[in-house]
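To start, the structure itself, in structure tokens.
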Amino acid sequence: MSGSAQQIKVVLFDLGGVLVELTGVPTMLGWLGNKITADELWARWLTSPTVRAFERGRIAPDLFADQIIHEMSLPVGRTEFLATFTSWIAGLYPGALELVNGLPSGIVRATLANTCVLHWPRLMNDLALEPHFHHHFPSHLTGRIKPDEEAFQQVIDTLGCPPGEVFFLDDNRLNIETALRIGMQTAHVQGPAQARDALIQAGVLKI
């Protein structure tokens, strides 16, 4: 965990890998012949022009599928890719909502997620995440995407708080590095248990 001793007023959650279980990484690694690591896959995914365009709401699902299959030389067709990709959201991790709802009442709860038109309804409606937060910043609706600084700056501008009062939890180091650069307090975590430990260490939650 990194950050200052400044009082935390906002807890900003990534969704996939922190509160929401994803199945896409093993699938993608398998399609790529298990020749790269999960970290290398994430680096390619987060910097992919195709992914960035889709998760910023700039291109339609069919074009996204065709382009990412070509870009990464995936051994599948559009129909199989889209069906598999849409099902990547397995569900909430056990304890995810209990963690969010257990935050002190004075804390602003928000999400900052790279997501898309295929996943957002599942997150908000099927998993019923929408009412458990004060603010959501989904990339396909804001047009801003992690790890770009503008995605984090939008959160600060919208909430009207100094970056040091925001505690950001994410499972990807590239995103954590950006949050640190703009002055947020951060924790690199996987799942609700690690997130809870980080929030206790930061003084947001009590044991």
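Values quoted throughout were computed directly from the atomic coordinates according to the rules given, and no laboratory measurement underlies them. Values in this document were obtained by computation on a predicted structure and should not be read as measured data. Note: ideal-geometry Cβ built from the backbone for every residue, glycine included; neighbour counts use all protein chains shown.
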- Task: Give me the compactness ratio for the range 137-200, meaning the Cα radius of gyration over 2.2 N^0.38 Å.
- Result: 1.09
- Mean ellipticity per residue at 222 nm, deg cm²/dmol - from DSSP H runs of n ≥ 4 across the chain, formula -39500 (n - 2.57): -11500 deg cm²/dmol
- Top of Ala113, Ala60, Ala179 by mean-square fluctuation, Gaussian network on the chain, Cα under 10 Å: Ala60
- At what distance in angstrom do the alpha carbon centres of the range 1-71 and the range 99-165 lie from each other? 16
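Antiparallel DSSP bridges in the chain: what percent, to the nearest 5?
Once the DSSP bridges in the chain are tallied, antiparallel ones form about 20 percent.
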- 10 Å binning of all Cα-Cα separations within the range 24-87, expressed as whole percents from 0 upward: 21, 59, 20, 0
- If amide H atoms are built 1.01 Å from N in the plane of the peptide, which residues on other chains or at least 5 residues away come under 5 Å of the amide H of Gly17? Leu22
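Based on the mean of other Cβ atoms within 10 Å per residue, sort peptides 9-19, 40-50, 95-105 so the most packed one is first.
Details: 9-19: 22.9, 40-50: 15.5, 95-105: 14.0.
Order by mean packing, descending: 9-19, 40-50, 95-105.
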- Item | Residues with amide H under 5 Å from that of Phe168, placed H, sequence gap 5 or more | Leu12, Gln185, Thr186, Ala187
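With a Förster radius of 22 Å, plug the Cβ-Cβ distance of Lys35 and Asp66 into 1/(1 + (r/R0)^6) and report the FRET value to the nearest 0.05.
Working: r = 23 Å, r/R0 = 1.03.
The formula returns an efficiency of 0.45 here.
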- Sticking with the crude label model, points 7 Å out along Cα→Cβ, report the distance from Lys206 to Leu141 in nm, one decimal please. 3.5
- Query: Which distance in nm do the two modelled labels at Gln190 and Ala128 give, with both placed 7 Å along the Cα-to-Cβ direction?
  - Reply: 2.9
